[in-house]
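These notes concern the structure reproduced below.
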Amino acid sequence: MDPILIRTLADIVRNGAPLLIAGLGEMITERAGVVNLSLDGTILLAAMAAFAVALETSSIGLGIGAAMLVGMLIALIIIASSVFLRLDQIAVGFVLTLLAADLSTFVGRDYANLPGQQVEIPYAPVPVLKDIEFLGIGEIFFQHNLLIYFSVVLLFVVWAFIYHTRPGLQLRGLGEHPQAAYVRGIRVQFWRFVYVAIGGALVGLAGATYSLSIRLGWKENLTIGNGWIALAIVIFGGWRPFRVAFGVYLIVGLRALALELQKEATLNIPVQIINMTPWVLMLLTLMFVSSGFAEWLLRLIPERARPFFQGALRANPPAALGTNFEKE
Amino acid sequence: MKVELREITKIFGPVRANDHISYTFEPGCIYAILGENGAGKSTLMKILSGFQQPTSGEILIDGNPANIDSPNRAIEYGIGMLYQDPQDFAPLTVLENYMFGRGGSFILSRHEARKDLLECCRELGFSLNPGANVATLTVGERQQLEIARLLSLGVKVLILDEPTTGISAAQREQLFNTLKELAHNEDMTILLVTHKFRDVEELCDELIVLRKGELVGSAEMPCSTDAMVEMMFGKRLVGEPPPVVEKGDTVLTIKDLDVDARLFSIDDIDLKLNEGEVVGLAGLDGSGQVDFMRAIAGLNRPSFYDRIFSLRTLVLLWIIFSLLLNNSPTVMWMMIGAVTVLILVPMLYDFLVFRVVKTGSVEYLGQRAFGRGYRELLSKGMVFLPSGRLEEGLVSGLTVTQHFALSDRTWRPWVNWFEAQSKARDGIARFDVRGRPADPIQALSGGNQQRVALAMLPQDGRLLLLDNPTRGLDVESARRIWSLLLSRREQGTAIIFSSADLDEILDYSDRVLVFSSGKVTLVDDPSHLTTARLGELIGGKA
């Protein structure tokens with residue numbers, strides 16, 4: 001295969017990693033019925049924390065740990081203020097977005113723009129698989145660092161967890177009808193805390209992926225906007241792991257395309273148009289799935305194949321998303 | 001299993017929801033728990049099923065004190081409850097719902113659970129498809145799933161809260177047979193919370209009656225309806241037949257109307273409604289009664305229109321997008337052409353659908369009503385009252401007075417609070433609402449919310465479309481509301497209402513429209529119709 005194409009595809013896998021981790025983290029949070037709107041700020045603050053800690057302690061592990069802790073703490077603020085203070089999750093999440101973003105600028109000012117001082121997660125090609133020549137699979141998938149592999153593994157783990165394990169089934173119920181879950185003996189608040197913490201930690205990990213692997217180093221607003229993208233992808237993905245992954249790679253792919261097209265001088269399409277394409281596509285998709293049109297299309301599909309397409313075409317948010325659980 | 005209640009008391013603020021209730025439920029027996037709205041029967045059952053804890057008193061199971069502090073603990077003790085709103089997960093499948101909350105390995109073993117579920121269903125005589133989404137099931141099937149689930153968990157005491165609301169006559173019969181079988185052959189204790197005397201007569205062995213939180217009486221079946229009513233209300237209600245009203249001019253003419261309901265689409269409904277007439281819509285929940293009323297009121301667009309609309313939006317966006325990409329004159333012309341089409345298509349569509357293809361017509365007071373908005377029809381006296389009170393009918397968070405101010409349809413930009421308050425007081429007095437004008441609506445009980453909603457109906461309404469107007473109200477309140485509604489007929493108001501209660505339909509309708517799996521039958525003279533016959537019609541028996 002064309003080496004440029006292979007390199008682009010490898011870049012897509014690499015650049016998609018943080019979005020995929022954050023998207024899956026947010027998906028878990030929302031499946032439990034909680035909206036963590038603070039993604040954009042959390043990723044920034046976590047990226048800063050990861051870089052600063054890794055630089056000071058010269059330990060990548062501690063840097064990643066710090067980032068996950070930051071993500072977890074912010075997520076726990078949201079769920080705690082919702083459960084104990086009855087605050088609106090959307091409002092708290094939004095304020096935390098702004099706070100965390102500004103905090104990252106303020107706390108990270110000593111670490112901003114340090115040329116030459118970089119900490120990078122070590123490159124770790126997979127021994128045998130990296131040499132697969134067929135379709136460039138070796139270079140596309142197996143010549144990255146551990147975090148990038150983790151993002152792909154996570155996708156399968158989350159999928160298997162949600163659809164094929166007992167706690168995964170309970171997670172789906174938590175966001176759907178917490179009252180019914182309570183009646184069936186699930187400790188709703190406890191598990192919501194757990195899943196929100198896990199989701200938050202993953203969002204923090206996404207931040208670490210940016211500053212320690214993809215953009216290397218810290219500067220003001222390093223990752224700005226990516227949190228919102230992850231949030232949009234969760235909706236685009238209809239709260240399903242593989243559709244979320246599809247959304248991630250679609251967006252990253254279109255961005256890579258925009259970059260390549262910029263190099264081609266003959267094309268007179270403004271590059272901004274291509275940068276806008278993902279959003280237009282996303283709007284169209286959302287409109288498509290939420291209008292009656294998708295339902296109408298579904299009716300045309302033969303009965304047997306319908307369940308498969310239902311999953312692909314419909315996007316129903318967890319019914320209890322963003323609500324506080326009370327026994328009565 | 002013997003369940004003994006000892007001096008159960010539950011206090012909410014100043015209200016004693018349960019006041020020193022003591023009773024013993026014996027195994028092998030079906031009990032009815034009767035009482036009007038707010039009598040405390042739900043509270044008592046919630047205490048028994050672990051949803052709430054009593055303020056004082058204790059529960060003994062087989063003579064041993066039991067500490068039931070959560071629904072899960074109740075199930076461990078063998079007490080399971082079937083709630084009035086199904087406590088299941090709509091987007092999950094039947095099988096997943098069955099597995100939810102059940103112990104077992106970390107990895108889901110669908111295969112085994114499926115076998116268990118099918119086995120359980122076979123024993124009970126239910127036919128459930130394990131792969132179906134619960135959202136696509138009827139209320140009756142969701143009940144069956146829940147019963148199967150509870151029994152498989154080893155429940156010995158089954159509490160059912162108003163189980164016959166919204167299920168078909170056939171499902172009701174099946175449910176009753178199952179319950180009788182469970183009680184009399186398997187020695188289970190069954191508690192049925194209800195306010196329908198017919199259910200009690202057909203099913204129960206014993207009954208207890210609550211009034212204002214106190215246990216006021218118990219009796220063994222057979223017990224006459226009069227005696228039950230007397231225990232529930234403390235006095236005998238005298239039902240008087242509704243006064244006969246002269247039919248006036250035609251208010252509404254419906255011809256060949258097509259309606260898309262949740263489960264079916266219904267073709268060719270015809271109806272002619274005169275002033276002073278009451279038409280009851282009978283049928284299972286979701287058979288199209290609501291959609292029929294909403295279509296009349298202009299709240300549901302014809303389904304095809306939506307499709308056109310979304311297509312139009314897509315095309316429009318595509319044009320804007322392509323314009324951004326390219327500014328050649330060809331594209332300009334394409335755009336101008338497309339916009340013209342976009343304006344022409346709806347016009348053409350309107351013309352085709354309403355004049356040529358004729359998918360039906362609705363005439364209200366001699367004018368075409370189909371395709372007009374509710375706002376316009378409302379100003380001409382057509383009113384639709386939804387059944388979901390806090391979801392659709394009322395605004396949670398506003399007070400009663402604010403609701404009356406909101407329903408004011410004058411054009412002045414300010415609110416006349418004095419007028420709203422006097423209207424609210426007047427409405428409260430006329431409909432006997434237990435509440436004050438300054439009370440927030442969600443603080444009132446369900447029955448009182450419904451009364452406020454009915455009190456807000458404009459006085460000059462010519463056609464009332466009421467979706468389950470007395471849902472959740474006890475006999476006494478329902479009767480009161482109906483006498484107020486019926487008295488409006490003398491001013492020439494016509495009423496269309498739907499109800500899950502067949503007795504209500506037979507009592508108050510001049511004609512009945514039966515909705516049954518996509519078919520509509522008009523019964524012109526319901527005076528010789530019995531509930532059994534009506535149930536058959538709903539079930540599809542011609």
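The values are calculated or read from the model by the stated rules, or taken from the named source; none is laboratory data. As the structure is a prediction and not an experimental result, all values here were calculated from the model. Every residue, glycine as well, gets a Cβ built from its backbone with ideal geometry; the counts of neighbours run over all protein chains shown.
A few points about this structure:
- Residue within the range A:309-320 that is within 13 Å of another protein chain (Cβ to nearest Cβ), surrounded by 15 or more Cβ atoms within 10 Å (Cβ to Cβ), touching an Asp or Glu at 6+ places or on another chain (Cβ under 7 Å) and at pLDDT 75 or above present: yes
- One residue from B:L44, B:L95 being at pLDDT 90 or above and more than 22 Å from B:D187 (Cα to Cα): B:L95
- For the range B:76-92, the tally of residues that are crowded, with 23+ Cβ neighbours inside 10 Å and facing chain A (nearest Cβ under 7 Å) stands at 2.
- Condition check for B:I59: over 24 Å from the mean Cα position of the chain (by Cα) and either crowded, with 19+ Cβ neighbours inside 10 Å or outside the structural domain of B:L192 (by TED's automatic domain parsing) (or both): yes
- All positions within the range B:152-169 that are under 19 Å from B:G103 (Cα atoms) and in contact (Cβ under 8 Å) with a residue 60 or more places away in the chain: B:L153, B:G154, B:V155, B:K156
Yes/no per residue for (1) touching a residue at least 60 places away in the same chain (Cβ under 8 Å); (2) touching a Pro at 6+ places or on another chain (Cβ under 9 Å):
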site	(1), (2)
B:L385	yes, yes
B:S407	no, yes
B:R412	no, no
B:D426	no, no
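- Count - residues of the range B:6-30 that are aromatic (F, W, Y) and either over 31 Å from the mean Cα position of the chain (by Cα) or surrounded by 16 or more Cβ atoms within 10 Å (Cβ to Cβ) (or both): 2
- Among the residues listed as B:S396, B:S361, the single one being within 14 Å of chain A (Cβ to nearest Cβ), at pLDDT 70 or above and either surrounded by 12 or more Cβ atoms within 10 Å (Cβ to Cβ) or under 30 Å from B:A443 (Cβ atoms) (or both): B:S396
- Where a residue in the range B:57-71 is away from chain A (no Cβ under 14 Å) and its partner, wherever it lies, is part of a helix (DSSP H, G or I), with Cβ under 7 Å and at least six apart: B:I59/B:L48; B:I61/B:Y77; B:A66/B:Y77
- The helices (runs of 4 or more DSSP H) found entirely in the range A:123-236 that carry 2 or more residues being within 14 Å of chain B (Cβ to nearest Cβ) and either among the basic types (K, R) or on the phi < 0 side of the Ramachandran plot (or both) are A:146-164, A:166-176, A:178-183, A:188-209.
- Restricting the range A:31-41 to residues that are assigned to a helix (DSSP H, G or I) and over 12 Å from the mean Cα position of the chain (by Cα), the residue that is nearest to B:F89 (Cα to Cα): A:R31
- Matching option when the condition is more than 9 Å from chain A (Cβ to nearest Cβ), among the hydrophobic types (A, V, I, L, M, F, W, C), in contact with a helix residue (DSSP H, G or I) (Cβ under 6 Å, 6 or more places away or on another chain) and farther than 30 Å from A:W159 by Cβ, among B:L95, B:L48, B:L124, B:L44: B:L124
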